[in-house]
Every structure is written in C-alpha cells, then in structure tokens.
1. Once R0 is set to 30 Å, what does the formula 1/(1 + (r/R0)^6) return for the Cβ-Cβ distance between C105 and Q19, expressed as a FRET efficiency to the nearest 0.05?
2. Enumerate the helices in the chain for which the Kyte-Doolittle hydropathy averages 1.6 or more and the C-alpha atoms extend at least 18 Å along the helix's axis, using complete DSSP H runs.
3. Once a ≥ b ≥ c are taken as the square roots of the eigenvalues of the Cα gyration tensor of region 43-97, is the result rounded (a/c under 1.5), prolate (a/b larger than b/c) or oblate (a/b not larger than b/c)?
4. Before I look further, what does region 30-135 give for accessible area per residue, probe 1.4 Å, in whole square angstrom?
5. With an 8 Å cut-off on Cα pairs and a minimum separation of 6 or more residues, tell me the relative contact order of the chain in percent.
6. First compute the accessible area of the chain with a 1.4 Å probe, then give the percent of it belonging to carbon and sulfur atoms.
7. Run the helix sum for the chain: -39,500 (n - 2.57) per DSSP H stretch of 4+ residues, divided by residue count, reported at 222 nm to the nearest 500 deg cm²/dmol.
8. So the label point goes 7 Å from the Cα of R73 along Cα→C-beta, right? Which residues of region 107-132 then have their backbone N under 19 Å from it?
Amino acid sequence: MKTPASLSSILAVAGESRQHLAELRSGVRSRLSSFRRNRAASEQAALQEDFKLVLAAWGMTEADIPGVISALRLRLLVFAVPMLACLIATAWSGNRPLSLLSLACIAPPCLLGMVTTLWRISILRNRRFTPLCRWLLRFRKPH
C-alpha cells in the first residue's frame with residue numbers, strides 16, 4: 001500500500017471516502033423507498049387475479065414463457081457454480097479462514113438468486129402470480 005505524502009492528502013482521501021459512502025447510502029435509500037411505494041395493495045391484488053398484467057410488467061408475452069423458463073434454468077446454474085466452487089474449495093483446503101470467508105460472502109447472494117429464480121419459474125409454470133412470502137411459506141411443515 002502506498003503511504004500518503006502529507007496530512008492534507010490523508011484528509012482528502014478520507015473526505016472522498018466519506019462522500020462515496022454518503023452517495024452509496026442515498027442510492028440504497030432511494031431504491032428502498034422505490035420498492036416500498038412501488039405497488040399498492042389494489043395493484044398487488046390485480047396482479048394476483050390477472051396473469052397478463054404480470055407478463056406485461058415483466059415485458060413478455062404468453063409465447064415467450066417457454067424460452068424464459070429455459071433461460072431461468074440456466075440462471076440457476078450461474079448461481080450454483082460459484083457457490084459449489086467455494087464449497088469444494090472450503091472442503092479441500094481443510095476449512096481455512098479465507099475459504100470459509102469466501103464461502104460466507106458468495107453463498108448468501110447465490111442462494112437468494114436461486115430462490116427468486118425458482119419463484120419466477122413457479123409463477124411462469126403455474127401462470128399465476130404468488131407473492132414471494134406466500135410462495136416461501138408453502139414449504140413450511142404443518143404441525
């Protein structure tokens with residue numbers, strides 16, 4: 001790592017880092033607020049009743065469904081391969097901290113991507129919109 005030439009350059013770098021973090025924070029906040037205000041309860045109910053609205057929101061037609069399902073299946077591989085590679089590396093390296101850290105960083109986003117992709121495939125196969133939470137609750141064990 002390069003050592004700074006002076007205190008002013010250290011302060012300049014710190015200021016740039018602070019500004020960058022503030023920009024990232026505002027970007028995340030604007031996306032979250034967009035998600036929150038994106039769909040009213042009435043619009044959500046309309047999506048659950050009329051599948052053509054879901055297709056329109058996703059920018060596709062009924063004829064596109066088989067091709068999209070095939071592409072989504074390929075996406076499952078894209079998520080599974082890095083996670084499996086990290087898992088194999090972790091097992092092979094004897095649980096070294098670096099391999100465990102890489103697995104911990106790679107696995108959660110890959111699992112989330114796989115779950116949302118399986119959810120979309122389910123919606124397209126059944127030709128009926130189900131909210132993600134309700135779809136996930138389908139898999140819980142009844143008591």
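The values are calculated or read from the model by the stated rules, or taken from the named source; none is laboratory data. Just so we're clear, the structure is a prediction, and the values are computed from it rather than from any experiment. No Cβ is skipped: glycine too gets one built from the backbone with ideal geometry, and neighbour counts run over all protein chains shown. Heads up: the accessible areas ignore ligands, DNA and RNA and are worked out on the full protein's heavy atoms, side chains in. Shrake-Rupley method; radii C 1.70, N 1.55, O 1.52, S 1.80 Å.
1. Numbers: r = 26 Å, r/R0 = 0.85.
Efficiency for this residue pair is about 0.70.
2. Helices meeting the criterion: 65-92.
3. Details: a/c = 6.35, a/b = 2.74, b/c = 2.31.
Prolate.
4. Details: 7240 Å² over 106 residues.
Averaged over the residues of region 30-135, the accessible area is 68 Å².
5. Details: 57 pairs, mean separation 34.3, N = 143.
Reported relative contact order: 24 percent.
6. On the way: 7220 of 11090 Å².
Carbon-and-sulfur percentage of accessible area, whole number: 65.
7. Numbers: 6 runs with 111 residues, N = 143.
Calculated from helices alone, the mean residue ellipticity at 222 nm is -26500 deg cm²/dmol.
8. 114-128, by backbone N distance to the label point.
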